[in-house]
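The values are calculated or read from the model by the stated rules, or taken from the named source; none is laboratory data. Being a predicted model, the structure only gives us computed values, none of them experimental. Note that each Cβ is placed from the backbone with ideal geometry, even for glycine, and that neighbours are counted across all protein chains shown. The area values use the complete protein model at the heavy-atom level, side chains included, leaving out ligands, DNA and RNA. Shrake-Rupley method; radii C 1.70, N 1.55, O 1.52, S 1.80 Å.
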Amino acid sequence: MKKIVLMLLVFLACHSVVKAELTIEITEGVEGALPIAVVPFGMQGGGLPAVDLAEVINADLQRSGRFKTIPRADMLSRPTSDREVEFKDWRALGVENLVVGQVESTGAGTYQVQFQLLDVYRGQQLTGYSIPTTASNLRSTAHRIADIIYENLLGIPGAFSTRVAYITSTRLADGKSRIGLNVADADGHNPETIVTSSEPLMSPAWSPDGMKIAYVSFEGGQSAVYVQGVYTGKRQKVTSFKGINGAPSWSPDGRKLALTLSKGGNPDIYIYDMRSRKLQQITRHYSIDTEPAWSPDGKSLVFTSDRGGRPQIYRVSAFGGKAQRVTFENSYNARASFSPDGKLLTFVTQDEGNYRIAVQDLKTGVMQVLSQGRLDESPSFAPNGSMIIYGAKAGRRGVLAAVSTDGRVRQRLALQEGDVREPDWSPFKK
Amino acid sequence: MKKVLSLSATITLSLLLMIGCSSTPTTEGGAEVSEQSTGAGSEMGAEGSEASTSAASQGEEWYGDPLENPNSLLATRVIYFDYDQSVVRSDYLEVIQAHADYLAANPQAVVRLEGHADERGTREYNLGLGENRANSVRSLMMAQGVADNQMVVVSYGEERPSAFDNTDEAMALNRRVELVY
C-alpha cells in the first residue's frame with residue numbers, strides 16, 4: 001500500500017468566496033488503481049466558465065481511490081475531442097482511459113458541455129455525452145460526468161453527485177457554542193448551514209428521497225426530533241416526549257422513523273409513522289436501547305443495547321419481538337447501519353482502547369476494523385457502498401474522514417476551523 | 001447503600017440545622033428549618049416577607065439562602081462518575097442527601113438533573129448513559145422523600161463538555177450530573 005498524502009484542493013483557494021469549506025486530503029491510496037487522464041476541457045464561444053470541469057472530474061476520480069490520475073504537466077497535448085487524440089502518446093504515459101471534452105457558451109450563463117471517455121489501447125470511444133448546463137450548475141455537471149465515467153469503467157454507479165450532512169461546532173468568544181447542521185456536496189464544496197443553535201444539534205439523517213433531514217435539537221433545554229425540508233427550510237417537530245428523543249432513522253420507504261425515546265423510563269426503540277403519527281414500541285428492556293437503523297428491505301432493525309452488560313449490536317424485526325445479538329468480537333460495538341446492499345454492517349468498535357470504524361459481513365460474521373483513529377464515530381455508507389464516511393479527531397478537533405469499504409483507501413475532510421462531526425451521506429439523487 | 005445514606009442523613013441533618021434561613025423563604029418547610037436553627041428565623045416574621053435583612057455570615061453560620069451558602073454541601077452541584085458507570089459513588093451520598101433534604105423542605109423548589117458523558121463511545125449511546133446517571137441521582141433523592149415533580153431529568157450525553165482536553169482528567173470532569181436550581 002502506497003502513501004500518497006495529497007492536498008488535492010489547493011485550487012479551492014481560488015474559489016474562497018465560500019465560508020468554512022471542507023478540504024480533502026487523501027492519506028492513503030491503492031496500488032493497481034486505474035490510470036486515467038482528464039484533459040482540460042476546451043472552451044468555445046468566449047467567456048471562460050468559472051469552474052474547471054476537468055479539475056473537478058479529476059478530483060472526484062482520484063478521491064474514490066479507484067483511479068490514478070495523470071497530472072496536467074505530464075500531458076504532451078491537450079486534445080478536446082477524439083479526432084485530436086494521438087493514442088500512442090497516451091499509451092506511452094501508461095494511461096488506459098482518457099477523458100476529453102469542451103464547454104460551449106450558448107448564451108448568458110448557459111453552456112453546452114460535451115465529453116468523451118476513450119479507451120486508449122483500443123483507440124475507441126467508450127461513451128460520450130452532451131449536457132446542457134448553467135454557470136451555477138457547472139460543478140454538478142462535472143460530478144455527473146465523473147459518475148458516468150465511474151460507472152462505465154467500474155460497473156457500479158458513482159456517488160459524486162451526492163451530498164453529505166454534518167454537524168459543526170464553533171466556540172465563541174463568550175464561551176458559548178454555535179452549533180450548525182450543514183449540507184455540502186460530497187467533495188465538501190457548496191456548504192450550506194440549514195440549522196443553527198446555541199444548544200446541541202445531533203444525529204442528522206437523510207430521508208431516502210434526499211429531500212428531508214431528521215435530526216435532534218436541544219433548543220428549549222430538552223431534546224426533540226425534527227424533520228426539515230433540505231430545500232424548503234420548513235420543519236416539523238416529530239417527537240418531544242419527556243426524556244430522550246433521539247437517533248432518528250428513516251425506513252427505506254420514507255414513511256416511518258425509527259427513534260429512541262426514554263419516555264417509558266429508559267431508552268427504548270420506537271417506530272413513528274409519519275402519516276398516522278402513531279408510535280409503536282419495538283424494544284422493552286431496562287437497558288439502554290438506542291441507535292436504530294433499518295435494513296434496506298425494511299423488515300428489520302439493528303440497534304445498540306447494553307442488555308448484556310456492555311453495548312453490542314442487536315437485530316430485531318421491524319414488528320418487534322425477540323432481539324438477536326449480532327456482534328461478539330469486541331467489548332463495545334455501537335451505532336450500526338447497513339450497507340446499501342444489506343450485506344454488511346458498519347459500526348463503532350472499541351479496538352485496543354480506541355474507538356474505530358468496523359464492518360461486519362452479516363453472512364459470515366467476520367468483522368474487520370477499517371479506521372485507525374482514537375475516537376472515530378458515526379460511520380455512514382456512500383449510497384453506492386464503496387466508501388464509509390465517519391467522524392474522527394485530529395488532535396482535539398473533529399474532522400470527517402472516509403475509508404473505502406475494503407479498508408484500502410483513506411481520506412480526511414477537514415474544516416479550516418471549528419469542529420465537524422456526525423456525517424451522514426445522502427442517498428442518490430432521485 | 002441504604003445504610004450509608006441513613007448514616008449520612010444524620011450528619012447532613014445536623015449540618016442543615018446549622019444553616020439559618022432568612023431570605024426568600026416562601027414555604028413553611030423553609031421556616032421550619034430556620035426555626036430549629038440559630039434563631040435567625042426571627043427575621044422571617046409573617047409569611048416570609050420579601051424584605052429580609054441580609055446578615056453577614058459569621059463563621060459557620062449562614063443567614064442567606066441555603067443554596068448560596070458556600071460552606072454547605074448544597075454548594076456542591078456536580079456529581080462525578082466513573083467510566084461507563086452510572087452508579088453514584090459513595091463519596092457523593094452526603095451531597096445528594098443534602099440536596100434531597102433541601103428539596104423535601106422546599107416543595108416548591110425544582111432541580112434540573114443534567115446528565116453528561118465523556119467523549120468516548122457513540123453520541124446517542126452517551127445520551128442514554130447521561131440519562132442513566134441523572135436517573136441514579138433522581139432515585140436516591142426520591143428515596144429521601146423528594147417529590148417526582150421537583151426533578152427534571154435531561155441528558156446531554158457528550159454534547160456539552162465542561163472540559164475540552166482529551167486527557168483522562170478532562171474526561172473525568174465530563175462524566176457528571178449537574179444539579180441546576
What is the spin-label model distance, in nm, from A:Leu375 to B:Ala104 if the labels are put 7 Å beyond Cα along the C-beta direction? 3.9 nm
Cβ-based charge dipole, chain A, positive-most Cα from A:Ile131, A:Ser331, A:Ile179: A:Ser331
Shielding by other protein chains, B:129-135, mean Cβ within 10 Å: 4
Can you give me the long-range amide H partners of A:Met274? Hydrogens built in the peptide plane at 1.01 Å from N, cutoff under 5 Å, separation of 5 or more residues or another chain. A:Lys256, A:Leu257
By the mean-Cβ-within-10 Å protection proxy, highest first, A:314-320, A:271-277 rank as A:314-320, A:271-277
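Determine the shielding of peptide A:215-227 by partner chains: average, over its residues, the number of Cβ atoms on other chains within 10 angstrom of each Cβ. Don't skip to the answer; put the middle values down first.
Values: counts 0, 5, 0, 6, 0, 0, 6, 2, 7, 0, 0, 0, 0.
For peptide A:215-227, the averaged partner shielding equals 2.
Computed FRET efficiency, Cβ-Cβ of A:Arg122 and A:Leu76, R0 25 Å: what is it to the nearest 0.05?
Values: r = 20 Å, r/R0 = 0.79.
So the FRET efficiency works out to roughly 0.80.
To the nearest 0.05, what FRET efficiency results for B:Ala170 and A:Leu93 with a Förster distance of 45 Å applied to their C-beta separation? Before the final figure, lay out each step's value.
Details: r = 52 Å, r/R0 = 1.16.
The computed FRET efficiency comes out at 0.30.
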Candidate aspartates and glutamates for bridging to A:Lys176, where Cα separation is under 17 Å - those fewer than 8 sequence places away on the same chain excluded: A:Glu199, A:Glu219, A:Glu417, A:Asp419, B:Glu158, B:Glu159, B:Asp165
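Sort A:Arg144, A:Arg307, A:Arg235, A:Arg122 by heavy-atom solvent-accessible area, probe 1.4 angstrom, most to least.
A:Arg122, A:Arg144, A:Arg235, A:Arg307
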Which of the peptides A:57-70, A:381-394 is most tightly packed, and how do the rest follow, judged by the mean count of other Cβ atoms within 10 Å per residue? A:57-70, A:381-394
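Could you grab the relative contact order for chain A? Cα pairs under 8 Å, six or more apart, rounded to a whole percent. Intermediate values should be presented prior to the final figure.
Numbers: 1108 pairs, mean separation 53.0, N = 430.
It rounds to 12 percent for chain A.
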Computed [θ] at 222 nm, helices only, for chain A once each DSSP H run of length n ≥ 4 contributes -39500 (n - 2.57): -2500 deg cm²/dmol
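Before I look further, what does segment A:165-219 give for accessible area per residue, probe 1.4 Å, in whole square angstrom?
On the way: 1840 Å² over 55 residues.
Solvent-accessible surface per residue comes out at 33 Å².
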Determine the shielding of peptide B:112-124 by partner chains: average, over its residues, the number of Cβ atoms on other chains within 10 angstrom of each Cβ. 6
Chain A: mean projected area of Cα convex hull, nm²: 22.4 nm²
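Any idea what the dipole of chain A comes to, in debye rounded to 20, about its Cα centre with Lys/Arg Cβ at +1 and Asp/Glu Cβ at -1? Don't jump to the answer; show the numbers that get you there.
Numbers: 50 positive and 43 negative charges, 285 e Å.
That gives chain A a dipole magnitude of about 1360 debye.
So between B:Val87 and B:Ser162, what do we pick up on full extension, going 0.36 nm a residue minus the alpha carbon distance? Don't jump to the answer; show the numbers that get you there.
Working: separation 75, 0.36 × 75 = 27.00 nm, distance 2.04 nm.
That works out to 25.0 nm of additional length.
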Helix A:138-154: angle to the longest alpha-carbon principal axis of chain A, degrees 0 to 90, nearest 10? 90 degrees
Provide the per-residue ³J(HN,Hα) series for segment A:60-73, in order, calculated from phi with Karplus coefficients 6.51, -1.76, 1.60 and θ = phi - 60°, each as a whole number of Hz, with x at glycine and proline positions. 4, 5, 5, 4, 5, x, 8, 10, 10, 8, 8, x, 4, 4
